Structures are given as structure tokens and as C-alpha cells.
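Q: Dumping the structure here so I can ask a few things about it.
The values are calculated or read from the model by the stated rules, or taken from the named source; none is laboratory data. Computed from a predicted model, the values in this text were never measured in an experiment. We place every Cβ from the backbone using ideal geometry, glycine too, and count neighbours over all the protein chains shown.
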Protein chains: 2
Amino acid sequence: MTSTHQNVSAPPPAERKAYTPLTAAIDVEACFSLLEGRWKLVILFHLFGGKVLRFSDLEKCITGISQKMLAQQLRRLEADGIVERTVHSQVPPRVDYRMTPWGQQLCPALDSLLKWAELREQYSIQ
Amino acid sequence: MTSTHQNVSAPPPAERKAYTPLTAAIDVEACFSLLEGRWKLVILFHLFGGKVLRFSDLEKCITGISQKMLAQQLRRLEADGIVERTVHSQVPPRVDYRMTPWGQQLCPALDSLLKWAELREQYSIQ
DNA sequence: CAGTATCCTTAAAGATACTG
DNA sequence: CAGTATCTTTAAGGATACTG
């Protein structure tokens with residue numbers, strides 16, 4: 001045991017990348033472009049927490065989405081490593097979707113955006 | 001003093017809003033729409049940390065931006081309460097921009113997105 | 001200096017129909 | 001069930017010129 005009170009198996013030094021205004025903006029924009037499709041966020045919030053849903057489940061719980069858009073957004077989320085797609089070879093076909101481990105980590109990041117939005121009221125009390 | 005070990009001047013209970021997948025998605029999308037203009041993020045990252053810049057300063061430090069786009073994005077950021085605009089009545093005109101207190105709070109939220117992006121490598125080591 | 005005003009281009013999304 | 005394929009609409013952004 002070390003002499004500190006810290007967790008013995010503390011994570012590595014957590015060296016952060018260095019950013020300029022430009023590179024920070026570029027990297028945040030990259031995140032946005034991963035997430036900003038018309039239906040991506042609803043899809044993600046339905047999958048957060050380890051949920052596994054079929055194409056038809058998503059179709060049912062997201063009102064207003066078309067098959068074209070659902071498929072398109074899922075393809076992009078999959079290509080970007082945020083969502084995982086599993087095809088079960090059977091008839092009729094069964095395909096389901098879940099978050100990747102990295103995708104799941106999005107949750108706290110989006111939550112801090114929500115916290116920021118909630119903060120607005122406190123600053124707008126005139 | 002209370003019988004707990006908590007900080008005496010602890011912040012209010014911090015009751016969080018309750019979200020469904022749909023409302024969470026809507027609220028995050030609202031954040032995105034505040035931030036997703038073509039040049040907004042570069043502008044913000046140049047203003048973070050209390051910096052105060054003139055229109056022409058921003059024009060100089062953001063390569064490629066046109067006056068039209070700079071003015072447009074600034075107008076929206078101002079209308080959304082993220083940036084503050086001050087007009088000094090003098091000739092030639094002098095206008096400067098800074099973050100609002102609420103806008104400044106964006107910094108940690110965007111930082112957690114950057115952290116998420118940095119995480120990607122750790123998960124993609126195959 | 002700090003902007004507007006116009007015109008043009010182009011991607012994203014919607015509607016709809018079809019299929020292994 | 002789980003998708004594609006087409007066609008059309010629309011809004012964001014770029015280029016360029018002008019102004020109090």
C-alpha cells in the first residue's frame with residue numbers, strides 16, 4: 001500500500017491532448033458530426049444502459065422515423081463505432097443493435113451537456 | 001454543524017430533471033442547435049476563458065471566415081445568450097464580444113466530449 | 001470598422017414505392 | 001422482418017458586392 005489515500009489501482013496519469021482553439025473546435029465538431037443526424041440521439045438514448053433492440057423495436061419506439069432514415073442513421077452509427085449490429089441468420093431475419101463499449105461512454109458526456117442546458121435557468125433569472 | 005461529514009455550505013440538492021429517451025434526445029439536440037453552426041465552435045474556443053475580442057480580431061484569427069458568416073454566427077450566439085456583444089459608440093465603431101457567464105459554463109461540457117473522443121483510441125486497440 | 005444584401009450551390013432529410 | 005431505391009424539398013453555407 002502506498003502512503004497516499006488514493007486508490008491503489010488508480011488509472012494512468014491521464015495525459016490530455018493539448019488543444020488550440022482551432023483543434024479543440026475541430027475535435028468537438030467531429031463529435032457533433034458523429035451525433036448530429038436527425039434521429040441519432042433518440043436512437044442512442046434508447047440503447048444506452050446496455051439495452052439491445054431489434055430494428056423493428058426501434059421503429060416502434062421512435063415515432064415518426066421512416067425505415068430509410070432508421071437504417072441510414074444506424075449504418076452511420078455502426079460505421080463510426082458507436083453502435084454494434086448483430087445479424088442472426090434465421091428466417092424471418094433478426095437484427096439487433098446495442099451500444100459499443102466506447103459508445104456507452106458517451107452517456108456522461110451528453111449528460112454534462114444536459115446539465116449545462118439545465119443551468120440556463122439559474123443564469124436567466126433576471 | 002450537522003452530524004454528517006458533508007460540506008457545511010454544500011450546494012442545493014441538485015435535483016436533476018427527469019428524462020425519457022425522447023426528452024433527453026430533444027434537449028441534447030437543442031444544445032447542438034445552439035452550437036452547430038459552421039463557425040460557432042471556433043468562435044467560442046477563441047472567447048473561452050474570459051477573452052474579449054473585437055469583430056476584426058475574430059476575423060483575423062479565424063482563417064477562412066467571411067464577414068457575413070462571422071456576423072451571422074455571432075448574432076445567433078448572442079440571441080441564444082451564449083455570447084455578449086458590446087457596442088462602444090465611437091468612430092470608427094468598436095464592437096467587442098465575450099462569453100456570458102452561462103456560455104462560459106459550456107467549457108466543461110465540451111471538454112467531456114473531447115475526453116470521449118480521446119477515449120476512442122483505447123477502445124480501438126485491436 | 002463592422003457590418004448588410006443578393007444570388008447560388010449543395011447536402012440532409014422527407015415521401016413513397018419496392019424486395020430478399 | 002429488415003431493409004433499398006428514387007425523387008423531391010429545404011435550409012445552411014459560400015461568393016461577392018455594397019454601406020453607415
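Q: Filter segment B:66-96 for residues that are closer than 18 Å to B:Val52 by Cβ and β-branched (Val, Ile, Thr); which is nearest to DNA strand C (Cβ to nearest atom)?
A: B:Val95
Q: In segment B:9-126, which helices (runs of 4 or more DSSP H) lie fully inside it and hold 3 or more residues that are over 26 Å from A:Glu15 (Cα atoms)?
A: Here the list reads B:21-35, B:55-61, B:67-79, B:101-104.
Q: Hey, can you tell me all the residues within segment B:89-116 that are under 14 Å from B:Ser56 (Cα atoms) and not acidic (Asp, Glu)?
A: Of everything in segment B:89-116, those that are under 14 Å from B:Ser56 (Cα atoms) and not acidic (Asp, Glu) turn out to be B:Pro92, B:Pro93, B:Arg94, B:Val95, B:Tyr97, B:Arg98.
Q: If I filter segment A:69-82 for residues that are surrounded by fewer than 15 Cβ atoms within 10 Å (Cβ to Cβ) and farther than 28 Å from B:Leu35 by Cα, do I get at least one hit?
A: No, segment A:69-82 contains no residue that is surrounded by fewer than 15 Cβ atoms within 10 Å (Cβ to Cβ) and farther than 28 Å from B:Leu35 by Cα.
Q: Scan segment B:38-86 residue by residue and report those that are under 12 Å from the mean Cα position of the chain (by Cα), under 17 Å from A:Asp27 (Cβ atoms) and of a type outside the set (A, V, I, L, M).
A: B:Lys40, B:Phe45, B:His46, B:Phe48
Q: Can B:Val52 be described as at pLDDT below 95 and more than 8 Å from chain A (Cβ to nearest Cβ)?
A: no
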